[in-house]
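Engineer: The structure that follows is given in the form of structure tokens.
The values are calculated or read from the model by the stated rules, or taken from the named source; none is laboratory data. Since we're looking at a predicted model, the values are computed, not measured. With ideal geometry, Cβ positions are generated from the backbone for all residues, glycine too; neighbour counts draw on all protein chains shown. Side chains included, ligands, DNA and RNA excluded: accessible areas come from the protein's heavy atoms. Shrake-Rupley method; radii C 1.70, N 1.55, O 1.52, S 1.80 Å.
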Amino acid sequence: MSIPPNGRRVKPPRRYDSTRRRAQAAETRQDILKAAQQLFLDGGYARTTINDVAAAAGVAVETIYRGFGSKAALFKGVMEAAIAGGAARAAIPPEDRPVVRAMIAEQNPRRVLELHAATQPGIHARAGPLYRVLMEAAAADPEVADVWNQLEAQRLTGMRRIAKQVKNLGGMRPELSVEEAGDILWTVNSLAVYHLLVLQRAWSPERYRDWIASTNTRALLPGRRGPTPPSDRLSIHERRRD
């Protein structure tokens, strides 16, 4: 290392700490999504502004636009975080999440449907209020309506993946196509059905979970078997998991 005339050593340039920068960016994104979710729930979509979200999250307005692009895209991010169980979990690819990995690894088609049913009460409890905000806004805002369509298309794609897995495991009724089976799962597991049974008819989340597991099993798999006993079907941990 050369020493300048003043006798001071020249420090080597600091290496860019990309790991720390990514962690800070992820934390900022989580703060934005958390603030946005609360504001959308409290004030609705139309009355919530990007300025409101920025102030609540403690970030610049430009930070939100750089991260999401638009208010509608921000709302979509909020929805995806609620469905996943938080912004940190939403950042993980679906196939790498523990519940999805367990479903992919499962070789019993009946068990695949039961594992999926166990996730539904929690998802609808978290995302249901936001879906209602979304539906109200979609009626007046084409950009928000597009978000609704995107989310429903993603949900249908997920249902068809499950249907394809059941078929590949040899467990699907021969008269059903993957597309038809996906449509059935998309309908039975919808927020509308959850709303009718849990919110209007006051079913417990456990009764709803067991009903959709049984209904999907009867609709997709050969035979007319009833649900297996809870102790055999789901462990205590799985019964509490969403």
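Engineer: From the set of residues in region 130-142 that are over 22 Å from A90 (Cα atoms) and surrounded by 13 or more Cβ atoms within 10 Å (Cβ to Cβ), which is farthest from the chain's Cα centre (by Cα)? Spell out the reasoning first.
Structural biologist: So the first thing to find is which residues in region 130-142 are over 22 Å from A90 (Cα atoms), and the list is 136-142.
If we keep only those that are surrounded by 13 or more Cβ atoms within 10 Å (Cβ to Cβ) as well, we get 136-138, 141.
Values: E136: 20, A137: 20, A138: 19, D141: 23 Å.
The selected residue is D141.
Engineer: In addition: Based on this model, can you work out whether S70 counts as polar (S, T, N, Q) and under 24 Å from D146 (Cβ atoms)?
Structural biologist: On the way: polar (S, T, N, Q): yes; under 24 Å from D146 (Cβ atoms): yes.
Spelling it out, S70 is indeed polar (S, T, N, Q) and under 24 Å from D146 (Cβ atoms).
Engineer: Among the residues of region 34-48, are any acidic (D, E), more than 22 Å from L199 (Cβ to Cβ) and without any contact (Cβ under 8 Å) to a residue 40 or more places away in the chain?
Structural biologist: Taking region 34-48 as the starting set, the residues that turn out to be acidic (D, E) are 42.
Next, only the ones that are more than 22 Å from L199 (Cβ to Cβ) stay: none.
So far as region 34-48 goes, no, none of its residues is acidic (D, E), more than 22 Å from L199 (Cβ to Cβ) and without any contact (Cβ under 8 Å) to a residue 40 or more places away in the chain.
Engineer: Going through region 171-194 one residue at a time, which ones are open to solvent by 60 Å² or more (accessible area, probe 1.4 Å) and within 20 Å of the chain's Cα centre (by Cα)? Before you say what the answer is, go through the steps one by one.
Structural biologist: Let us first name the residues in region 171-194 that are open to solvent by 60 Å² or more (accessible area, probe 1.4 Å), namely 174-175, 179-180, 183, 186-187, 192.
Within region 171-194, D183, W186, T187, A192 qualify.
Okay, residues lined up against (1) closer than 30 Å to A139 by Cβ; (2) aromatic (F, W, Y); (3) open to solvent by less than 30 Å² (accessible area, probe 1.4 Å):
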| position | (1), (2), (3) |
| --- | --- |
| D52 | yes, no, no |
| Y65 | yes, yes, no |
| A73 | yes, no, no |
| A81 | yes, no, yes |
| E114 | no, no, yes |
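Engineer: Right, here's the next one. Any chance you could count how many residues in region 195-224 are open to solvent by 40 Å² or more (accessible area, probe 1.4 Å), in contact (Cβ under 8 Å) with a residue 24 or more places away in the chain and assigned to a loop (DSSP other than H, G, I, E, B)?
Structural biologist: Result for region 195-224: 1.
Engineer: Enumerate the pairs (first residue in region 177-188 and over 14 Å from K167 (Cβ atoms); second residue anywhere and of a type in the set (S, T, Y)) with beta-carbon separation below 8 Å, excluding pairs fewer than 6 apart on the same chain, so at least 6 apart or on different chains.
Structural biologist: Cβ pairs passing all conditions: V188/T215.
Engineer: Given the conditions (1) open to solvent by 50 Å² or more (accessible area, probe 1.4 Å); (2) in contact with a helix residue (DSSP H, G or I) (Cβ under 9 Å, 6 or more places away or on another chain); (3) of a type in the set (G, A, S), report the number of the one that A87 does not fulfil.
Structural biologist: (1)
Engineer: Also, I was wondering about something else. Among the residues of region 90-105, write down those that are over 24 Å from L74 (Cα atoms) and either buried (at least 21 other Cβ atoms within 10 Å of the Cβ) or touching a residue at least 12 places away in the same chain (Cβ under 8 Å) (or both).
Structural biologist: Let us first name the residues in region 90-105 that are over 24 Å from L74 (Cα atoms), namely 98-105.
Within region 90-105, V99, A102, M103, I104 meet the criteria.
Engineer: Follow-up question, since we're still on this one. If I go through region 151-170 residue by residue, how many of them are under 21 Å from the mean Cα position of the chain (by Cα) and open to solvent by 70 Å² or more (accessible area, probe 1.4 Å)? Walk me through how you get there before you give the answer.
Structural biologist: Just the residues of region 151-170 that are under 21 Å from the mean Cα position of the chain (by Cα), to begin with: 151-165.
Imposing the further condition that a residue be open to solvent by 70 Å² or more (accessible area, probe 1.4 Å) reduces the set to 154, 160-161, 164.
Summing the residues that are under 21 Å from the mean Cα position of the chain (by Cα) and open to solvent by 70 Å² or more (accessible area, probe 1.4 Å) in region 151-170 gives 4.
Engineer: Among residues belonging to region 21-40 that are open to solvent by less than 50 Å² (accessible area, probe 1.4 Å) and more than 15 Å from K76 (Cα to Cα), point out the one that is modelled with the highest pLDDT.
Structural biologist: So the residue we want is T28.
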